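Let me begin by presenting the structure, written as structure tokens, before commenting on it.
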Amino acid sequence: MLLPRFRFLRLVASLTTRAFSRGPVSLQGKAPDMSEGNAHLLVSNVRNRLREIVGASTNWRDHQQALADRLSLSNQLAGSQDELPVRRMKDSYIEVHLPLGTDPTLREKYLNYHKGVRFGRILEDLDSLAVLICYSHTHNKALQRSPLSIVTALVDKIDMRKQVIHPDCDIKFTGHVTWVGKTSIEAKMHMSQYHDGAYTPVLDATFVMVARDPENKRAAFVNPLKPEGPEEEELFQQGEINKTRRIELSTASLLKVAPTAEERKIVHSLFLNTLDTKTVSFRSRVLPPNSVWMEDAKVKGLEICHPQERNIFNRIFGGFLMRKAYELGWANACAYGGCRPNLVAVDDILFQKPVEIGSLLLLSSQVCYTEGNYIQVRVHTEVLDPLTRHHNTTNVFHFTFVTDKDVPNIVPQSYGESMLYLDGKRHFNQTLESQ
Ligand SMILES: CCCCCCCCCC(=O)SCCNC(=O)CCNC(=O)[C@H](O)C(C)(C)COP(=O)(O)OP(=O)(O)OC[C@H]1O[C@@H](n2cnc3c(N)ncnc32)[C@H](O)[C@@H]1OP(=O)(O)O
């Protein structure tokens, strides 16, 4: 059962996102200008299109040569943002189809055991689409290849509008650039599914991508964006607000500053609830009824990063990392709740460092916060250097799941776990607010 407030917020959100769901808001129902040939593109063609844009190798044995070829594009980078032509939102608008209803072979790739759609696959598609949107925004007709390496920096938010994605109905993705900084781009995407004679919204996603030089070493300028009309102005302003919010959240991170007074009270109350009243000891702890120690709500995994999962810049594809993290997080939520959870939101996926091909990637998922029938899961990934045994964090993922019945309360024991709990609570509250 959904929390009453949550249900109300979802309704508000579906009204506010309706304008976006029609495509770039300034188009007023007219077909977008598809001068770059992105009309009626199939998801299966997106990656090939990306390979063409950057000149990526299709065989691993050629990747060194492809990298060397890209190096020569460095002199095509703009020296400043002012040198680049201004773009409109409709310049980057794309519409991409995933014909699950009409292509049974494709369906097999997306089908899960429970006759639903593998959400991890959708995450991969969204990541590729976000990159294509950014290349459409930065497209320069005079150049055969783009000198820019566009990478995923952040999945700001993915809000589910529907919990069921049918495996046998066609899917449509639309999206475009909504905000631009100097070297970063915000892209919003919308996914809908054809069911009962009409396309209905399934999810809204906001990604932040960063442009780098051909070697993926330094940031590179991107074309400015000019919003047209009040609705595009609003989307652009929202992009500014999102940027400020991200800076504020990062400043207030529990990794940097102490919890607020309110949060300290929560932690202390959790601590008091676990004290053994029979002993006068801070050490003796008792698990309250219908609760699980945080320590017992982890699932871990390992991926060996093979060349097959590389992106167009010969690093591990961000979508692959998201799929693996999502599936681990889902499995953890499933084991924790004792039933099949549904995804409510993906929030604040940070791509801190690229993952090199050949890396040993350790994934660790933790149920970090629960409330009623909601489970907040954090997945942390790090690369292990087997020679030096050094660990390096590459990504942090946050997923909110809902189940049909209330789940046990998660209880932190150590101070570190309490911070994870508070961080999970912050993400959960943010999810509720944005719905
Ligand atoms: C062939 C089949 C595959 C086809 C699909 C292709 C898909 C390709 C997409 C990918 O797979 S990318 C792989 C996953 N992503 C990564 O590996 C990125 C890993 N992270 C990094 O490399 C760096 O953290 C990153 C480049 C994102 C940022 O580096 P820095 O922190 O040094 O950035 P810098 O300080 O130079 O700032 C550059 C811009 O990024 C912005 N930025 C940095 N971190 C950010 C963040 N976390 N959130 C939002 N914006 C951020 C920053 O504000 C600034 O924007 P503006 O110039 O517009 O002001």
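Skipping prolines and chain starts, which residues have an amide H placed within reach, meaning under 5 Å, of the one on R212, given they are 5 or more residues away or on another chain?
Correct list: S149, I150, V151, A220.
Once you keep just the Cα pairs under 8 angstrom separated by 6 or more residues, what percentage relative contact order results for the stretch 50-146?
37 percent.
With a 1.4 Å probe and every protein chain left in place, work out the accessible area per residue of the stretch 167-241 in Å², rounded to a whole number.
That works out to 38 Å² per residue.
Averaging sequence separations of C-alpha pairs under 8 Å and six or more residues apart, then dividing by the length of the chain, give the relative contact order as a whole percent.
Value for the chain: 16 percent.
Tell me the volume per residue, in Å³, of the convex hull enclosing the alpha carbons of the stretch 123-280.
227
Check S291: other-chain or 5+ apart residues with amide H under 5 Å from its amide H, H built from backbone geometry?
N409
Roughly to the nearest percent, how much of the accessible area of the chain is carbon and sulfur, given a 1.4 Å probe?
Looking at the chain in its full context, I get 53 percent from C and S.
Using a 1.4 angstrom probe with every protein chain in place, what is the largest-first accessible-area order of W179, W330, W293?
Per-residue accessible area, sorted high to low, gives W330, W293, W179.
Picking from V267, V131, V155, which is most flexible by a Gaussian network model of the chain using Cα springs under 10 Å?
In this elastic network of the chain, the residue with the biggest mean-square fluctuation among V267, V131, V155 is V267.
Give a residue-ordered list of calculated ³J(HN,Hα) values for the stretch 215-225 (Karplus: 6.51 cos²θ - 1.76 cosθ + 1.60, θ = phi - 60°; whole Hz; x for Gly, Pro).
8, 6, 10, 10, 5, 10, 5, 10, 4, x, 10
Compute, for the stretch 318-435, the length of the dipole vector about the Cα centre, with Cβ point charges of +1 (Lys, Arg) and -1 (Asp, Glu) only. Units Debye, rounded to 20.
Value, rounded to 20: 160 debye.
Within the chain, what percent of beta bridges assigned by DSSP are antiparallel, to the nearest 5?
Working: 82 of 88 bridges.
So the antiparallel bridges amount to about 95 percent of the total.
Tell me which lysines have Cα within less than 23 Å of K256's Cα, excluding those fewer than 8 residues away on the same chain?
List returned: K157, K243, K265, K353, K425.
Give me the extension gain from W293 to I247: residue separation times 0.36 nm, minus the current Cα-Cα distance, reported in nm with one decimal.
Gain on stretching W293 to I247: 13.3 nm.
With bins 10 Å wide starting at 0, give me the P(r) of the chain over every alpha carbon pair, in whole percents.
Calculated over all Cα pairs of the chain, the distribution is 4, 20, 30, 26, 13, 4, 1, 0 percent.
Along the positive direction of the dipole of the chain (beta-carbon charges: Lys, Arg +1; Asp, Glu -1; about the Cα centre), which of V177, N409, H137 reaches farthest?
Selected residue: N409.
When a/c reaches 1.5 or more, the comparison of a/b and b/c decides; with that in mind, is the stretch 236-319 rounded, prolate or oblate per its Cα gyration tensor? Kindly include the intermediate steps, with their values, before the conclusion.
Working: a/c = 3.78, a/b = 1.55, b/c = 2.45.
Note, shape of the stretch 236-319 comes out oblate.
Which whole-Hz ³J(HN,Hα) couplings does the stretch 151-167 yield from phi under the Karplus relation 6.51 cos²θ - 1.76 cosθ + 1.60, θ = phi - 60°, glycine and proline marked x?
10, 7, 9, 7, 9, 5, 6, 10, 9, 7, 9, 9, 8, 10, 10, 6, x
If each residue of separation counts as 0.36 nm, what is the full-extension length gain between E231 and V257 once their alpha-carbon separation is subtracted?
5.6 nm is the gain from fully extending E231 to V257.
Return the calculated 222 nm mean residue ellipticity for the chain, to the nearest 500 deg cm²/dmol, obtained by summing -39500 (n - 2.57) across DSSP H runs with n ≥ 4 and dividing by the residue count. Mind showing how you got there, number by number?
Numbers: 10 runs with 140 residues, N = 435.
Per the formula, -10500 deg cm²/dmol.
May I ask which residue of Y326, G337, I316 lies farthest towards the positive end of the charge dipole of the stretch 309-348, with charges of +1 (Lys, Arg) and -1 (Asp, Glu) on Cβ and the Cα centre as origin?
I316
Can you tell me the dipole magnitude for the stretch 83-237 around its Cα centre, using point charges on the Cβ only (Lys, Arg +1; Asp, Glu -1), in Debye to the nearest 20?
Details: 20 positive and 22 negative charges, 85 e Å.
Around 400 debye, computed over the stretch 83-237.
Compute the distance from the alpha-carbon center of the stretch 188-255 to that of the stretch 274-348, in whole Å.
Between the Cα centres of the stretch 188-255 and the stretch 274-348 lies a distance of 26 Å.
Per residue of the stretch 110-122, in order, report the coupling 6.51 cos²θ - 1.76 cosθ + 1.60 (Karplus, θ = phi - 60°) as ³J(HN,Hα) in whole Hz, putting x for Gly and Pro.
9, 7, 9, 4, 8, 6, x, 9, 5, 5, x, 5, 5
Using a 1.4 Å probe, how large is the accessible area of I247, given in Å² and rounded to the nearest 10?
Counting only protein heavy atoms, I247 exposes about 100 Å² to solvent.
Using only protein heavy atoms and a 1.4 Å probe, report how much of H391 is accessible, in Å² to the nearest 10.
100
Roughly how many debye, to the nearest 20, is the charge dipole of the stretch 226-273 about its Cα centre, given +1 on each Lys and Arg Cβ, -1 on each Asp and Glu Cβ, and no other charges?
Dipole about the Cα centre, nearest 20: 540 debye.
Name the long-range amide H neighbours of L275: under 5 Å, sequence gap of 5 or more, or other chain; modelled H, no Pro or chain starts.
Residues meeting the amide H criterion: V286.
Where Rh denotes the Kirkwood radius from the mean inverse Cα pair distance, what is Rg over Rh for the stretch 168-260?
1.09
The values are calculated or read from the model by the stated rules, or taken from the named source; none is laboratory data. Treat the numbers as computed from the prediction; the structure is a model and nothing was measured. Heads up, the Cβs are rebuilt from the backbone with ideal geometry, glycines too, and the neighbour counts pull from every protein chain shown. Quick note on the areas: whole protein, heavy atoms, side chains included, nothing else; ligands and nucleic acids left out. Shrake-Rupley method; radii C 1.70, N 1.55, O 1.52, S 1.80 Å.
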